[in-house]
Amino acid sequence: GAVVSQHPSRVICKSGTSVKIECRSLDFQATTMFWYRQFPKQSLMLMATSNEGSKATYEQGVEKDKFLINHASLTLSTLTVTSAHPEDSSFYICSARDWDSFNYGYTFGSGTRLTVV
Amino acid sequence: DAKTTQPTSMDCAEGRAANLPCNHSTISGNEYVYWYRQIHSQGPQYIIHGLKNNETNEMASLIITEDRKSSTLILPHATLRDTAVYYCIAIDRGGGNKLTFGTGTQLKVEL
């Protein structure tokens, strides 16, 4: 079945630095990937839709200059949290849709726990 | 995509069936009902989906009412490892739609 690999699974960074999170579709091509953020005891909140070869589409209230998304190939999308602050500490999850899968559904990565100190 | 409504939490004894309801009264004819679950600190995992007919796979069964306004996910023999948040989502598969999550149901399976 479709597999989405996300790295790193856990990262701690200092306030003011940048962190890059990778999301790869391992056995299918994904023209579109999605990035979510999840705070403790809350549901997943969509941050942006990443489109291969074009600019990402951000949800209302998400700063595009702070959360840089690059989708340079059909199997890789990256999310860079720039100038990270403690309030950016969260669980970040990516997903991609495999149109050739039996369920035409969305497959999710295992998530990245970001802690900014 | 149609809005879905689920109970906030449910408890179930291990070995018993867990029946998780979902209301999607405004679902359109093109929208499928998908169920995902999220175990703590992991990404969501696909469980099952359906359009009109009841569906069953190795993980669960999905019962959709005839008017499609509600559905029930059934875990026939719940185990402790089934403790998770379960999300019911209505998806129009024809578009490249973004997936929006509701609050889901926290299922707690206990001994």
Exercise for the section: Filter region A:13-44 down to residues that are surrounded by fewer than 19 Cβ atoms within 10 Å (Cβ to Cβ) and among the small types (Gly, Ala, Ser) and give me whichever is nearest to A:Ser110 (Cα to Cα). Expected result: A:Ser43
Problem - Residue list for region B:71-111, restricted to those being within 12 Å of chain A (Cβ to nearest Cβ) and more than 11 Å from B:Thr4 (Cα to Cα) - result: B:Val85, B:Tyr86, B:Asp92, B:Arg93, B:Gly94, B:Gly95, B:Gly96, B:Asn97, B:Lys98, B:Leu99, B:Thr105, B:Gln106
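Test A:Ser89 against the stated conditions and say whether it is of a type outside the set (Phe, Trp, Tyr), within 23 Å of B:Leu107 (Cα to Cα) and at pLDDT 95 or above.
Working: of a type outside the set (Phe, Trp, Tyr): yes; within 23 Å of B:Leu107 (Cα to Cα): no; at pLDDT 95 or above: yes.
For A:Ser89, the condition - of a type outside the set (Phe, Trp, Tyr), within 23 Å of B:Leu107 (Cα to Cα) and at pLDDT 95 or above - is not met.
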Exercise for the section: Would you check if A:Ala48 is within 14 Å of chain B (Cβ to nearest Cβ), without any contact (Cβ under 8 Å) to a residue 40 or more places away in the chain and small (Gly, Ala, Ser)? Expected result: yes
Exercise for the section: Would you mention how many residues in region B:86-109 are open to solvent by less than 60 Å² (accessible area, probe 1.4 Å), over 15 Å from B:Pro21 (Cβ atoms) and modelled with pLDDT of 95 or more? Expected result: 1
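Looking only at residues that are among the basic types (Lys, Arg) and in contact (Cβ under 8 Å) with a residue 24 or more places away in the chain in region A:23-45, which one is nearest to A:Tyr92 (Cα to Cα)?
Narrowing region A:23-45 to residues among the basic types (Lys, Arg): A:24, A:37, A:41.
From the residues that got through so far, the ones that are in contact (Cβ under 8 Å) with a residue 24 or more places away in the chain too are A:24, A:37.
Values: A:Arg24: 14, A:Arg37: 5 Å.
The qualifying residue nearest to A:Tyr92 (Cα to Cα) is A:Arg37.
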Practice task
Show the residue pairs that are 6+ apart or on different chains and have beta-carbon atoms under 8 Å apart, the first residue being within region B:26-43 and within 12 Å of another protein chain (Cβ to nearest Cβ), the second being β-branched (Val, Ile, Thr) and not in a strand (DSSP E or B).
Solution key: B:Val33/B:Ile27; B:Ile39/B:Thr83
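The values are calculated or read from the model by the stated rules, or taken from the named source; none is laboratory data. Computed from a predicted structure; not experimentally measured. Cβ atoms come from the backbone with ideal geometry, glycine included; neighbour counts cover every protein chain shown. All accessible areas refer to the heavy atoms of the entire protein, side chains included, with ligands and DNA or RNA removed. Shrake-Rupley method; radii C 1.70, N 1.55, O 1.52, S 1.80 Å.
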